[in-house]
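Accompanying notes for the structure given below.
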Amino acid sequence: MVVSLELRRSCPKHMEYGPCGGVEFDGTCEVAEFRCVFLETPTVPWHGIAPNPESPAGLAGADVHHLADAHEFPVEAQPGAAAMRALMATRPIVVADFPGRSVDRASLTECAQALAGRVDATLAGDSGRSRVQFSPSYRAELVQQQDLAVWTGLNCRDRNRVALEGELAGLAGVGVAGVHCVTGDHTATGNRHDALPVFDLDSTQLAALARQAGHLVSVAEAPLTPPVDRRAARLREKVLAGADVCFVNHAGGVEPVRRFIAESHELGVAPGFIPCVPMVIDAGSAALLKSFTTLVLPDGFLDGILHAAHPFTAALDAITRLCEEFLAVPGVAGVNLSGGPAAGAEAAFADAMGAVADRLGLR
């Protein structure tokens with residue numbers, strides 16, 4: 001099936017391959033008080049990249065598909081992607097969210113130095129809470145100058161497909177380890193309501209472009225977000241589009257992730273799964289983590305840390321233990337230390353993530 005222009009126009013993010021990960025637990029859209037329009041729509045099979053309904057081609061009803069064949073990936077992997085693929089073929093990896101302050105070269109350098117040689121890559125995202133930021137390719141170049149591989153987060157919120165293709169070309173030139181393709185938070189939910197949202201593409205379409213550009217491609221899925229029974233099927237279409245890796249959003253612990261991996265395998269897809277592990281070391285980082293959309297944490301996880309006699313030690317113990325439990329699950333290709341610091345604690349937070357990676361001893 002091809003999603004009708006009417007359905008795409010009714011989605012605030014103009015998605016072709018919905019729903020996104022921002023569906024609330026009651027089925028409502030994260031942007032406005034109405035039910036997600038994709039919940040009653042069958043999972044959309046991968047059929048290429050259609051025009052945005054607001055573009056001239058879309059307004060004309062043109063049948064334009066930029067990448068019609070989901071199974072051909074003719075471009076060779078760029079060096080950073082090839083190196084990460086080779087590493088992932090030998091052992092699980094540790095990826096740490098990047099905590100450096102936006103548009104602050106000194107902070108980026110300091111945090112990169114705290115992580116270099118300890119984690120395998122840093123996931124440098126593009127959150128709507130951190131505006132404005134350096135462009136993804138420029139930031140990746142700055143961080144990789146510190147001998148830290150970058151797994152770049154790229155969203156569809158702020159750039160049309162031409163700008164996204166330009167960033168993908170720049171990231172290939174820099175040689176990033178991976179590109180994490182997300183549709184992105186709507187500007188209505190961030191702190192730049194004065195900026196118009198773009199959403200020319202969605203994460204599935206962006207994954208196809210990233211694979212065509214020679215990148216190792218990751219996408220995200222939220223196993224506990226509606227429609228729960230079709231999240232694995234949606235991941236299948238992302239894999240057909242070009243995704244190699246799935247970052248599994250915070251899903252409450254090991255068993256929901258184990259079930260999601262099994263459901264995906266039953267549908268015939270087996271990307272590398274990298275579960276998000278909550279990185280909490282104090283009240284400030286706990287507050288930021290709680291701001292994540294549809295976050296589900298293991299029972300008692302936060303209380304066990306924040307109410308401990310020595311919260312920092314308790315945090316490292318709990319995070320390391322949860323990482324080890326995830327790494328024992330068949331199909332898990334690594335862990336993502338996921339979260340962020342309170343303002344001013346960026347370098348200390350990076351060092352704490354490095355300490356968890358040191359404890360895991362995978363390098």
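The values are calculated or read from the model by the stated rules, or taken from the named source; none is laboratory data. Worth saying up front: this structure is predicted, and the values here are computed from it rather than measured. Because the Cβ atoms are built from the backbone with ideal geometry, glycine has one as well, and the counts that use them run over all protein chains shown.
Do the conditions hold for Thr313, that is, is it touching a Lys or Arg at 6+ places or on another chain (Cβ under 6 Å), part of a helix (DSSP H, G or I) and at pLDDT 95 or above? The answer is no for Thr313. Starting from residues that are aliphatic (A, V, I, L, M) and outside any strand (DSSP E or B), keep the ones in region 96-117 and report whichever is surrounded by the fewest Cβ atoms within 10 Å (Cβ to Cβ). The selected residue is Ala106. Condition first: part of a helix (DSSP H, G or I) and surrounded by fewer than 24 Cβ atoms within 10 Å (Cβ to Cβ). Now tell me which residues in region 344-355 satisfy that. Listed by number, the residues that qualify are Glu346, Ala347, Ala348, Asp351, Gly354, Ala355. In region 236-258, the residues that are farther than 19 Å from Lys290 by Cβ form Cβ pairs under 9 Å with partners that are modelled with pLDDT of 95 or more and among the basic types (Lys, Arg), at six or more places apart or across chains, as follows: Ala241/Arg211; Gly242/Arg211; Ala243/Arg211; Asp244/Arg85; Asp244/Arg211; Cys246/Lys238. Pairing each residue of region 307-322 that is free of Cβ contacts under 8 Å to residues at least 40 places away in the same chain with any residue that is outside any loop (DSSP other than H, G, I, E, B), provided the two are 6+ apart or on different chains, yields C-beta distances under 7 Å for Ala308/Ala314; Pro311/Ile305; Ala314/Gly304; Ala314/Ile305; Ala315/Ile305; Ala318/Phe301; Ala318/Gly304; Ala318/Ile305. Within region 13-29, the set of residues being crowded, with 19+ Cβ neighbours inside 10 Å, in contact (Cβ under 8 Å) with a residue 24 or more places away in the chain and over 22 Å from His47 (Cβ atoms) comprises Gly22, Val23.
crowded, with 20+ Cβ neighbours inside 10 Å and outside any helix (DSSP H, G or I), is that true of Ile319? So Ile319 does not fit the description; no. Quick check on this structure: which one of Leu235, Leu209 is over 21 Å from Ala124 (Cβ atoms), under 18 Å from the mean Cα position of the chain (by Cα) and of a type outside the set (Gly, Ala, Ser)? Going through Leu235, Leu209 in turn, just one is over 21 Å from Ala124 (Cβ atoms), under 18 Å from the mean Cα position of the chain (by Cα) and of a type outside the set (Gly, Ala, Ser): Leu235. Is region 332-343 home to any residue that is over 22 Å from the mean Cα position of the chain (by Cα) and not in a loop (DSSP other than H, G, I, E, B)? No, region 332-343 has no match at all. Filter region 147-173 for residues that are among the polar types (S, T, N, Q) and surrounded by fewer than 18 Cβ atoms within 10 Å (Cβ to Cβ) and give the result. Correct list: Asn160 only. The numbered conditions (1) touching a strand residue (DSSP E or B) at 6+ places or on another chain (Cβ under 6 Å); (2) not in a loop (DSSP other than H, G, I, E, B) are all true for Ala163 except (1).
Scanning region 12-34 for residues that are aromatic (Phe, Trp, Tyr) and out of contact with any helix residue (DSSP H, G or I) (no Cβ under 7 Å at 6 or more places or on another chain) returns Phe25, Phe34.
Considering region 185-222, and only residues there that are free of Cβ contacts under 8 Å to residues at least 60 places away in the same chain and crowded, with 24+ Cβ neighbours inside 10 Å, the residue that is nearest to Gly80 (Cα to Cα) turns out to be Val217. Got a number for residues in region 241-270 being among the β-branched types (Val, Ile, Thr) and within 16 Å of Glu325 (Cβ to Cβ)? Counting residues in region 241-270 that are among the β-branched types (Val, Ile, Thr) and within 16 Å of Glu325 (Cβ to Cβ) gives 4. Out of region 176-227, which residues are at positive phi and in contact with a helix residue (DSSP H, G or I) (Cβ under 9 Å, 6 or more places away or on another chain)? Answer for region 176-227, where residues must be at positive phi and in contact with a helix residue (DSSP H, G or I) (Cβ under 9 Å, 6 or more places away or on another chain): Gly184, Gly214. Scanning region 174-186 for any residue that is among the aliphatic types (A, V, I, L, M) and either within 23 Å of Leu39 (Cβ to Cβ) or part of a strand (DSSP E or B) (or both) turns up at least one such residue. With respect to (1) under 23 Å from the mean Cα position of the chain (by Cα); (2) on the phi > 0 side of the Ramachandran plot, the lone exception for Glu263 is condition (2). When each of Glu33, Glu6 is tested for being among the charged types (D, E, K, R), in a loop (DSSP other than H, G, I, E, B) and modelled with pLDDT under 95, the lone residue that passes is Glu33. Evaluation of Gln146 against the conditions (1) closer than 23 Å to Glu167 by Cα; (2) part of a helix (DSSP H, G or I) shows that the sole unmet condition is (2). Condition check for Gly242 on (1) of a type in the set (Gly, Ala, Ser); (2) closer than 16 Å to Ala328 by Cα; (3) in contact with a Lys or Arg (Cβ under 6 Å, 6 or more places away or on another chain): one failure, at (2). Elements of the type helices (runs of 4 or more DSSP H) sitting completely within region 245-307 and holding at least 3 residues that are surrounded by fewer than 16 Cβ atoms within 10 Å (Cβ to Cβ) and modelled with pLDDT of 95 or more: these cover 254-266.
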